[in-house]
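So the structure is just underneath, and the comments pick up after that.
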Ligand code: SAM
C-alpha cells in the first residue's frame, strides 16, 4: 500500500520538523527574529512523532529527514533517532538538516543511534559575511561541524547554501573549491519566498543556470545523471575528476513539482502537502484522539489527495505562505 496523490505522484519522502525554534537568524528565513512560537503543548512528543512516522513508513515512505527550526535544539534528539531507526529497513534513509552549530557535541551519539546522513547549511566561507547572513559569528563552528560529520562517517556530507544576489553570489567558485578540497556535495539553492520578513523579490534570485555557468567559468562540470528522479538537485561532478560534487536546486526557475514525492510534518503536528501550501491538515488532533491506525491512515490518504499540482511562485496571484521555512521545516 502506498500514498498516491491525485496527480499520480507517490509519497516517498517525509520531512519532520522537530521544533520551530532556531539559534540562527538567517536573513532569508527569520530576518525579524522569531515569529510567534508554537505553544509548548502543541509540539508533538517523541512518541507521537514515532507513531506518525511509523504509519508513514508502513505506507511506503522510504526517506525521513529531521529538520526545523534547528533540530539539534530539541532535547534528547539521539533518543528520538534511536526510536526512528527501528523503522528500518522499511525506512531506507534517516537524515538530519542542521545549521551545524551543535553538531560536534552530538555527532557520535547520533551516529550510534542510527542516523544515516547529515546536511549542513553554510551560506558563506567568509567569517564576517557568515555573521551578517546568519546573525551569529559561528563560521568556525560550522566548519568544525563538517569535519565532525565526516569523522563520524556521515558520508557523503551535504552542504546547503541559499544563493542570494548581492549577498553571496560572488562566492560560487569558492564554494566549488571547498567541495573539491573536502569532498562534500555542495548544493546551491535558489532563494524562495519563505522568509518571515516577506522581503523576497525576484531580482534577489540567482537562477540555477547562472550558478552553474559561474562555477563552470572556473571549474568545468559534468552532469552525473540525466534525470533528477524525485530528488531536488541536478548533480554535477567536476569534469577533471576531482572529488566533491555540486548540486543545483532551482525550485523557482525550474519548477520540479511534477516529480515531487515529498510531504511535511510541522513541529506542531500539521501536515503540509507543499512548501507553499496555504492550508494545513491537523494530524496532531487525530493522534491525540482515540483514533486507531485505520483512521490515521484514512486521514493521511485523503490529505495526500489534496497535494497541490505545483507551486505558484511564478504566478501574478502568488500568495506567500504565512509560516516561514523555520516553522514549516526545510
Ligand atoms: N536549521 C536547520 C538548517 O539551518 O539547516 C534546518 C532548518 S532550515 C529551515 C533548512 C534549510 O532551509 C536550510 O538549508 C536553509 O538554508 C533553507 N532555507 C531557509 N529559508 C529559505 C529560503 N527562503 N529559500 C531557500 N532556502 C531556505
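Laboratory data are not the source of any read-out in this text; all were calculated from the coordinates shown. Since we're looking at a predicted model, the values are computed, not measured. Note that we place each Cβ from the backbone using ideal geometry, even for glycine, and neighbour counts take in every protein chain shown.
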(request) Report the paramagnetic label zone for residue 317: residues of the stretch 269-307 whose backbone N is under 17 Å from a point 7 Å from Cα along the Cα-to-Cβ axis. (result) 277-279
(message) Considering just Cα atoms, how many Å³ per residue does the convex hull of the stretch 58-188 enclose?
(response) 113 Å³
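Can you tell me the mean projection area, over all orientations, of the convex hull of the chain's alpha carbons? Units nm², please. Each step should come with its number before you reach the end.
On the way: hull surface 63.2 nm².
The number I arrive at for the chain is 15.8 nm².
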(request) Using only Cα atoms, tell me the angle between helix 293-304 and the longest principal axis of the chain; keep it within 0 to 90° and round to the nearest 10. (result) 50 degrees
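With a ≥ b ≥ c the root eigenvalues of the C-alpha gyration tensor of the stretch 124-197, is it rounded (a/c under 1.5), prolate (a/b larger than b/c) or oblate? All intermediate terms of the calculation are to be shown ahead of the outcome.
Numbers: a/c = 1.68, a/b = 1.49, b/c = 1.12.
Prolate is the answer for the stretch 124-197, as a/c is 1.5 or above and a/b outweighs b/c.
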(request) Order these peptides, 265-271, 294-300, 43-49, 199-205, by their mean beta-carbon neighbour count within 10 angstrom, highest first. (result) 265-271, 43-49, 294-300, 199-205
(request) From zero up to wherever the largest Cα-Cα distance of the stretch 137-257 sits, split into 10 Å bins and tell me the percent of pairs in each. (result) 13, 43, 35, 9, 0
(request) Relative to the longest principal axis of the C-alpha atoms of the chain, give the angle of the C-alpha long axis of helix 46-58, reported between 0 and 90° and rounded to the nearest 10°. (result) 90 degrees
(request) Provide the gained length on full extension for the span residue 137 to residue 309, in nm with one decimal, where the gain is 0.36 nm per separating residue minus the Cα-Cα distance. (result) 57.9 nm
(message) For the chain, take the longest principal axis of its alpha carbons; what is the angle in degrees between that and the long axis of helix 172-182, to the nearest 10 within 0 to 90?
(response) 80 degrees
(request) Using only the Cα atoms, work out Rg/Rh for the stretch 9-125, with Rh taken as the Kirkwood radius, to two decimals. (result) 0.97
(message) In the stretch 1-30, whose amide N lies under 16 Å from the spot 7 Å out along Cα-to-Cβ of residue 227? List them in ranges.
(response) 8-12
